[in-house]
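Here the structure comes first, spelled out in structure tokens, and everything after it is commentary.
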Amino acid sequence: MDFSPENLARENAALTLLSRDIRHLEYLQYGLGILTITSSYLLRKKAGQPLWVVAGVVVLGLGGVGKLFVKQMGLIGIVERIEVGREVRRQLGDARIEEVVDEESPLVGKP
């Protein structure tokens, strides 16, 4: 368990970058979804394309949104693992501090 300030600073920097990347993937998903809806509407109503062409565009657009979603979930999983690791280290650190205090306390074993 490394409680060094350098390690904590590295973790904070990683969490900041991961949070930014997660937010960017979310924006890309929204943009691709809007682009898919708009292009399918324009293809069908304005360009008069057959339904199978529009369906292909929708499938490709939703596939792209799905890929971005999978990437985003992977990054969220990494963030959660880092946060759980921090919580475990904090709990272990607190338990170790309590053990040391109990062993070194002059009141241990005295009435």
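Worth a mention:
- Radius 12 Å from Cβ of Leu15, net charge of other residues (Lys, Arg +1; Asp, Glu -1): 0
- Mean separation of Cα contacts under 8 Å (6+ apart) over length of the range 1-90, as relative contact order %: 39 percent
- Hull shadow area, averaged, the range 37-90 [alpha-carbon convex hull, nm²]: 4.1 nm²
- Rounded to whole numbers, the Karplus 3J(HN,Hα) couplings from phi for the range 66-81 are x, 4, 5, 5, 5, 4, 5, 5, x, 5, 5, x, 5, 4, 5, 5 Hz, using 6.51 cos²θ - 1.76 cosθ + 1.60 with θ = phi - 60°, and x at Gly and Pro.
- Solvent-accessible area, 1.4 Å probe, carbon plus sulfur percent, for the range 7-71: 71 percent
The values are calculated or read from the model by the stated rules, or taken from the named source; none is laboratory data. Only a predicted model underlies this, so the values are computations on that prediction, with no experimental measurement involved. Neighbour counts are summed over all protein chains in view; Cβ atoms, including those assigned to glycine, are modelled from backbone coordinates with ideal geometry. What goes into the accessible areas is simple: the full protein's heavy atoms, side chains included, and nothing from ligands, DNA or RNA. Shrake-Rupley method; radii C 1.70, N 1.55, O 1.52, S 1.80 Å.
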